[in-house]
Amino acid sequence: MSWLRGPRRNELIWAFLFLLPLLWTLGVAFAYAFFRALWWSFCDYDLFASPKFVGLANYAKLFADLHFLKALFHSLSFAVIVTFTQTFLALLLAIALNQKIRGLTFFRAAFYTPSILSSVIVGLIFIWFTYRRGVVNFLLTVARNYYPYFLSFLGLVIVMQSTLVLWGRKRGFPVRAFDPVYLWISLFVGGVGAFFLGHFRLIQPKSMSPVDIIWLETAEKFLGIPRPLWAIMALNIGTTVPTMMLFFLAGLQDVPRELYEVAELDGASWWAKLWYVTIPALRPVMFLVITLGLIGTLQMFDQAAITSGVAPLDSVITLAYYVYWNMFGAGGLPRVGMAAAAAIFLAVLTLVVVLIQRRVGIGEKAW
């Protein structure tokens, strides 16, 4: 034990003192809370009477509870759909923002803004937007009534852009399909053309009844998943994609430029460089993004809790919200044993899903 004497011992003492607040937090908020919840999951407990050991009865009741089975299906569906979608969109967004374009700093800041907003505030705004006479249905009504203008604008832009690109290539210029200069000209021509078509009544808006889609106050399903849960998925994707984009953007900065130069010398297309250079180089980052996405989506609580005041419980309940519901929302005395059993099940499920992703997904190749 001679290594504990002198300056080495003083360093260890000071290191322990600096780590003491963190160790205390880990010990009380995590270790103690986990083992206490584990013990309660084997007990019949309501916070008032003494815990009564019941063995695995709470876990058996979970799989006989219809609310739990729906929460399990919702959480797994939510995790798969949201994680895949946000990973795909974050990668595309990172590739777009990794290009050398004007105003790049502004676009990076603008795209990242939704992820730093309070999830509660965003959830409340989302509920307001999705009312039957809210902003979403209003915009859909406008789009349906004025679709002749949109189609005319889009058609004129496509025709003008195609004409300019073919003209440029015929003159020997290395013009891309979405050349920025030509695209601005096409957008201008499309806007002016749609305006004059409407001015001379060659196209007219349609007079249709307002869109009346019920987004949250319904138990209707689409592809077996409640419509309110689809709405929450869209909200979650919009708020998490910017964070995942930052991980991919940081990974793209580390991809050696020489790899792209060699691929270009071999005549590789943009798609070939993306598939054979960019994605393989981003495997470690992709493993991190997918892992964080799975953990976050399986434990999604706040957005389900906020929308549960508007949408039916069976349409938005998730495993994390099921734990809360058993403690505070089921009516009567708190069912601590059921809540603890559901929490332990959620922790084990999250670990198992991440290990499966690590084993059969890209994680094993990445590491």
Exercise. Looking at segment 180-198, is at least one residue out of contact with any Leu (no Cβ under 6 Å at 6 or more places or on another chain) and modelled with pLDDT under 80?
Worked result: yes
Exercise. In segment 311-351, how many residues are outside any helix (DSSP H, G or I), touching a residue at least 12 places away in the same chain (Cβ under 8 Å) and not aliphatic (A, V, I, L, M)?
Worked result: 4
Problem set entry | Residues located in segment 154-190, provided they are exposed (fewer than 12 other Cβ atoms within 10 Å of the Cβ) and either aliphatic (A, V, I, L, M) or in contact with a Gly (Cβ under 8 Å, 6 or more places away or on another chain) (or both) | Leu166, Ala177, Val181
Problem set entry | Of residues in segment 191-212 being farther than 17 Å from Val142 by Cβ and of a type in the set (A, V, I, L, M, F, W, C), the one surrounded by the most Cβ atoms within 10 Å (Cβ to Cβ) | Leu197
Problem set entry | Residue list for segment 293-320, restricted to those being surrounded by fewer than 17 Cβ atoms within 10 Å (Cβ to Cβ) and either in contact with a strand residue (DSSP E or B) (Cβ under 9 Å, 6 or more places away or on another chain) or outside the structural domain of Gly251 (by TED's automatic domain parsing) (or both) | Pro312, Asp314
Exercise. Quick one: would you say Asp254 is of a type outside the set (Ser, Thr, Tyr), within 22 Å of Ala94 (Cα to Cα) and in the same structural domain as Ser162 (by TED's automatic domain parsing)?
Worked result: no
Problem set entry | Counted residues, segment 132-177 - those being of a type in the set (D, E, K, R) and outside any helix (DSSP H, G or I) | 4
Exercise. Pick from segment 326-346 the residues that are farther than 17 Å from Ala304 by Cα and surrounded by fewer than 16 Cβ atoms within 10 Å (Cβ to Cβ): which of them is modelled with the lowest pLDDT?
Worked result: Gly331
Exercise. Regarding Val175, is this residue more than 23 Å from Val82 (Cα to Cα), under 23 Å from the mean Cα position of the chain (by Cα) and modelled with pLDDT under 85?
Worked result: no
For this session: Kindly indicate the residue of segment 9-54 that is part of a loop (DSSP other than H, G, I, E, B) and touching a Phe, Trp or Tyr at 6+ places or on another chain (Cβ under 8 Å) and also surrounded by the most Cβ atoms within 10 Å (Cβ to Cβ) among those meeting that condition.
Result: Ser41
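The values are calculated or read from the model by the stated rules, or taken from the named source; none is laboratory data. If you're wondering where the values come from, they're calculated on a predicted model, not measured in any experiment. A quick note on method: Cβ atoms are made from the backbone with ideal geometry, for glycine too, and the neighbour counts reach across all protein chains shown.
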